[in-house]
Protein chains: 2
Amino acid sequence: MATTIRTATEADVPQILAFIRALAVYERAPDAVTATEDGLLRDGFGPNPIYSCLIADQSGQPAGFALYFFNYSTWMGRPGLYLEDLFVHPEFRGLGIGRALLQQVAAIAVQRGCLRLQWEVLDWNTPAIDFYKAMGAEFLDEWRNVRVSGEALDRLAGAAVAEPAETEPTK
Amino acid sequence: MATTIRTATEADVPQILAFIRALAVYERAPDAVTATEDGLLRDGFGPNPIYSCLIADQSGQPAGFALYFFNYSTWMGRPGLYLEDLFVHPEFRGLGIGRALLQQVAAIAVQRGCLRLQWEVLDWNTPAIDFYKAMGAEFLDEWRNVRVSGEALDRLAGAAVAEPAETEPTK
């Protein structure tokens with residue numbers, strides 16, 4: 001039974017959304033997904049796609065996906081590849097599909113001149129952590145992830161002076 | 001003495017590189033910067049810029065910068081804004097310049113339809129952590145940052161089957 005890794009097309013969008021929802025359930029955040037097919041279509045398959053996606057088929061059945069985009073390292077002065085999602089449906093685990101997806105993403109990173117491939121993993125997801133360690137990954141645990149969203153983002157944005165800004169220092 | 005926040009131009013590239021180097025020194029990684037002016041020019045000011053940059057001038061002197069790009073939230077099905085670097089030169093601290101830069105980045109995020117603004121901070125950088133908390137930021141400490149680079153990335157990429165890939169499962 002062969003695994004095929006292929007680039008996602010517009011026709012895969014319903015399946016991509018199903019994978020995103022299944023991953024959110026696995027990550028204990030089943031209610032966090034507000035993405036829609038329209039949004040995924042617009043952002044991944046329009047004239048200026050924001051993300052790219054690979055689908056793994058197992059004997060013709062969609063078994064997993066990898067969704068990524070490019071970021072930037074100012075230290076290296078080079079683009080990097082950021083892997084937002086990597087997921088294999090539970091019934092297809094243990095077949096090397098996750099490994100094949102990660103290898104393909106790494107190959108795309110190298111082809112595109114990226115010197116690094118990055119992603120995040122939940123600290124309780126021991127099987128994934130062990131898998132990534134076996135792939136040669138390092139863990140950047142001195143860096144904390146920070147986020148502003150919702151009302152805090154609106155408040156921060158509202159305090160900005162219109163660009164180009166001319167402000168008095170706050171003290 | 002007024003602070004002006006403005007969009008960086010090609011002419012700022014030498015100053016941007018100087019800021020990147022000064023930030024790397026502050027982050028205890030002075031040898032980590034291999035970026036060049038040519039690379040920063042190509043990636044930020046070419047036909048398809050990978051990053052954007054704001055410069056803060058204090059009384060006409062470049063005092064700090066914010067460098068960002070867009071990422072993607074599959075849960076939200078929306079782009080997000082990722083702040084790669086935020087830095088104010090030590091001699092210009094305490095004037096509210098970092099706050100003004102962060103506010104402007106937040107305003108750009110909101111204008112661009114982003115529902116969140118994210119970045120990273122070193123766990124020993126207490127002044128920055130306190131500053132971000134005061135701005136309403138949350139810390140996503142259950143997520144660990146993972147990276148593959150150098151030989152490990154080449155090894156992983158080399159194991160990929162050419163796309164479209166047809167592989168035998170590993171077990």
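The values are calculated or read from the model by the stated rules, or taken from the named source; none is laboratory data. This is a predicted model, so every value here is computed, not measured. Here the Cβ is made from the backbone with ideal geometry for all residues, glycine too, and neighbour counts use every protein chain on show. The accessibility values were calculated without ligands, DNA or RNA, using every heavy atom of the protein model including side chains. Shrake-Rupley method; radii C 1.70, N 1.55, O 1.52, S 1.80 Å.
Trypsin sites (Lys or Arg not before Pro), restricted to segment A:16-116: which are DSSP loop and have at most 13 other Cβ atoms within 10 Å?
Numbers: sites: A:21, A:28, A:42, A:93, A:99, A:112, A:116; in loops: A:28, A:93, A:112.
The qualifying sites are A:28, A:93, A:112.
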Between chains A and B, total accessible area buried, probe 1.4 Å, no ligands or nucleic acids, nearest 100 Å², roughly 8500 Å²
How large is the helix-only mean residue ellipticity at 222 nm for the protein assembly as shown, computed as the sum of -39500 (n - 2.57) over DSSP H runs with n ≥ 4, divided by its residue count, in deg cm²/dmol to the nearest 500? -10000 deg cm²/dmol
Pick from B:74, B:36, B:126 the residue whose mean-square fluctuation is largest in a GNM of chain B, springs joining Cα atoms under 10 Å. B:74
Could you give the Stokes-Einstein D for segment A:28-171 in µm² per second, using the C-alpha Kirkwood radius, 10 °C, 1.306 mPa s? 87 µm²/s
Could you report segment A:3-158's accessible area per residue, 1.4 Å probe, as an integer in Å²? 42 Å²
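Over the protein assembly as shown, what per residue volume does the convex hull of the Cα atoms give, in whole Å³? Show your work: numbers first, answer last.
Details: hull volume 46.2 nm³, N = 342.
Spread over its residues, the Cα hull of the protein assembly as shown gives 135 Å³ apiece.
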Using the C-alpha atoms of segment A:60-107, what convex hull volume per residue, in cubic angstrom, is computed? 83 Å³
Hey, what's the per residue convex hull volume over the C-alpha atoms of segment B:13-52, in cubic angstrom? 63 Å³
Using alpha carbon centers only, segment B:71-93 is separated from segment B:1-63 by a whole-angstrom value of 14 Å
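Return the FRET efficiency for the residue pair residue B:29, residue A:7: r is the Cβ-Cβ distance, R0 is 41 Å, and the value is rounded to the nearest 0.05.
Numbers: r = 36 Å, r/R0 = 0.87.
Approximately 0.70, to the nearest 0.05.
Please work out how much length the chain gains when fully extended from residue B:38 to residue B:21, using 0.36 nm per residue of separation minus the C-alpha to C-alpha distance, in nm with one decimal. Mind dumping the intermediate values first?
Numbers: separation 17, 0.36 × 17 = 6.12 nm, distance 1.52 nm.
Here the segment from residue B:38 to residue B:21 would lengthen by 4.6 nm.
Give, in whole angstrom and from largest to smallest, the semi-axes √(5λ) of the equivalent ellipsoid of segment B:92-131, with λ running over the eigenvalues of the Cα gyration tensor. It would help to have the intermediate numbers written out before the result.
Details: eigenvalues 94, 44, 6 Å².
So the equivalent ellipsoid measures 22, 15, 5 Å along its semi-axes.
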Provide an ascending nm list, one decimal, of label-point separations from residue A:154 to the equivalent residue in each further copy; define each label point as 7 Å from Cα along Cα→Cβ. 5.1
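Quick check: at a probe of 1.4 Å, how many percent of the accessible area of chain A sits on carbon and sulfur atoms?
On chain A, the fraction of accessible area on carbon and sulfur atoms equals 50 percent.
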Once normalised by the length of chain A, the mean sequence separation of its alpha carbon contacts under 8 Å that are 6 or more apart gives a contact order in percent of 16 percent
